[in-house]
Structure formats: structure tokens, C-alpha cells
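Trainee: Here it is, the structure, as C-alpha cells.
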Amino acid sequence: MYALILQIIHFMKPGIRCPGVWRFGIHEIFIAALTITFPIVWFIFRHSDWVWWIQDLLGVCFCIHLIQTLHLPNMKVITIILVLLFIYDIFFVFITPYFTNNGKSVMIEVATGVSDSGSNEQLPMLLRFPRFQANPVNICTGGRDFSLLGYGDIIIPGFLVCYAHGFDLHYAVKYRAYFITSLIAYAIGLGGALVALLLTSSGQPALFYIVPSILLGIYTVGLIRREVKALWRGSDRTEPQFEQESA
């Protein structure tokens, strides 16, 4: 969160200089105090409904930082990881209920807190969104009815979107076709997961919808442009393009 806020400040005000204390700028000390305060507040009030937005803020910052930091070399690696996680999600959401005593998904139980153990603790590795309710006040305070989106549903497809962006820059692809396609495909997949959630009223593995959508979109553009081999193999010169964009 600290690094992300500094990037935004330097982007909006290039070459900013503030009075310093012990070689640290006043703005850096303020940001550091702010980024320490948010996790502490979340930890103290983590069982309160209103704290969902702090968890989401921290989670979004974590996802962005990780996508900026780690880069996957080619579509071969990205496709393998996405397919494996696709199978993983199917197993733990749709198949594990047949093996548990209460008939519930292991993944959903872990994400929401296992009620049978008497623990209300939840893994802070997901985003929580209060569902729309008749009372608008409950949307702000959270209520107790949340939709959940795991970090893996953001970060892993995010690697593909980031790779598509670098591929567009490296090969000077017109209209940034791969990047735009990957964004639209991700939105379609996530929208499909939301529709399935509303229709079934049960937890859905987002990657079950995102992975086919985003892979189909990228490879379709690759086939049209006859660049599937280049996508699959990648290029050692692609990674510096990412670094230049994030600098």
C-alpha cells in the first residue's frame, strides 16, 4: 500500500520535494503512518461488518503490487497455471461437498469461516462486497450478506492481462488488441460468475468462468493475427517493457 500510494503521488506530481526528517520526506512519514494504521484498524475490528472496505482497500493494493512485481514469461506458463487453478476450483467447490460431513464446500467454508468449529475467523485473502439490499444504509455498513472474490481470481488473470499489455507494446500491436481483449474477456467471465451466483444462490468458483473466457479471447486474437507461437513462447525482450510502463 505504501509503495502504491507513493507511485500515485510521483505520477501526479513528478519530482515532488517535501521537507524531510532523518532523510525521510514529511509525505513519506505520513503515508507510512497511514499504511500502518489501516491494517491495525482492520485487525482490531475485523469481526465488524463496516470494516469490509478496509479489507478491500488493503487487498486491492496487495493485488496491484504483486502484479507489478511478478511477471510470467509466456502464455505457456500462464495457460498451465490457469488450467490447473481451473481444475482446483472445480474440485474444491463442486466435488468436496460429496466428501464432507455437512455437505458443504471446503473452499467456501474456509473463506467464510467454519461455523462448526465455533470460529468466526476468515482468511483475509479475499475481497468482500455487500450485496444490494432494500435498506441503502446496509450497503455502507455491510450488513451480514457479502459476495466474496478471492485474490487468486484477480492476481492470476492479472498476470495474463499484464503479459498481454507487454506483448502489445513489444510487437506494436494496433489498438492494443491483446490487452483490450483480455480486459473484456475478464469482465465477461466475472460477469458470468455473478450471474451464476444470483441464479443459484450458492458460492461459485470465479475462475470456472474467467479462465475459459480469457483464454478463449486471447487465443482467438492470436489465431486471427497468426501470432499464437509468439504468444506461446514469449520473448526475453518483453519484460523490460513492463518495467518501463510501471516506472
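Trainee: Does region 71-87 contain at least one residue that is touching a helix residue (DSSP H, G or I) at 6+ places or on another chain (Cβ under 9 Å) and at pLDDT below 85?
Mentor: Within region 71-87, not a single residue is touching a helix residue (DSSP H, G or I) at 6+ places or on another chain (Cβ under 9 Å) and at pLDDT below 85.
Trainee: Taking only region 186-205 into account, find how many residues are assigned to a helix (DSSP H, G or I) and farther than 15 Å from Val161 by Cβ.
Mentor: Total meeting the criteria: 10.
Trainee: I've got another one for you. Can you give me the number of residues within region 172-230 that are small (Gly, Ala, Ser) and within 18 Å of the chain's Cα centre (by Cα)? Explain how you work it out, then say what you get.
Mentor: Applying the first criterion (small (Gly, Ala, Ser)) to region 172-230 yields 172, 177, 182, 185, 187, 189, 191-193, 196, 201-203, 206, 213, 217, 222, 230.
Narrowing further to those that are within 18 Å of the chain's Cα centre (by Cα): 182, 185, 187, 189, 191-193, 203, 206, 213.
Residues meeting the conditions: 10.
Trainee: Separate question: Could you list, in sequence order, all residues of region 44-100 that are in a loop (DSSP other than H, G, I, E, B), within 21 Å of Ala206 (Cβ to Cβ) and open to solvent by 70 Å² or more (accessible area, probe 1.4 Å)?
Mentor: Correct list: Leu70 only.
Trainee: Moving on. Taking the residues in region 9-39 that are under 23 Å from the mean Cα position of the chain (by Cα) and open to solvent by 90 Å² or more (accessible area, probe 1.4 Å) as candidates, determine which candidate is modelled with the highest pLDDT.
Mentor: Only one residue tops the list, namely Ile36.
Trainee: Next up: Identify all residues within region 209-247 that are aromatic (Phe, Trp, Tyr) and either modelled with pLDDT of 95 or more or surrounded by fewer than 17 Cβ atoms within 10 Å (Cβ to Cβ) (or both); write none if there are none.
Mentor: Residues satisfying the conditions are Tyr209, Tyr219, Trp232.
Trainee: What are the residues in region 157-189 that are open to solvent by less than 30 Å² (accessible area, probe 1.4 Å), of a type in the set (Val, Ile, Thr) and farther than 15 Å from Glu227 by Cβ, if any?
Mentor: Answer for region 157-189, where residues must be open to solvent by less than 30 Å² (accessible area, probe 1.4 Å), of a type in the set (Val, Ile, Thr) and farther than 15 Å from Glu227 by Cβ: just Val161.
Trainee: Looking only at region 165-194, filter to residues that are among the β-branched types (Val, Ile, Thr) and touching a Phe, Trp or Tyr at 6+ places or on another chain (Cβ under 9 Å); which one of those is farthest from Asp145 (Cα to Cα)?
Mentor: So, considering only residues that are among the β-branched types (Val, Ile, Thr) and touching a Phe, Trp or Tyr at 6+ places or on another chain (Cβ under 9 Å), the one farthest from Asp145 (Cα to Cα) is Val173.
The values are calculated or read from the model by the stated rules, or taken from the named source; none is laboratory data. This is a predicted model, so every value here is computed, not measured. Glycine also receives a Cβ, built like all others from the backbone with ideal geometry; neighbour counts cover every protein chain displayed. Keep in mind that these areas ignore ligands, DNA and RNA; they rest on the heavy atoms of the full protein, side chains included. Shrake-Rupley method; radii C 1.70, N 1.55, O 1.52, S 1.80 Å.
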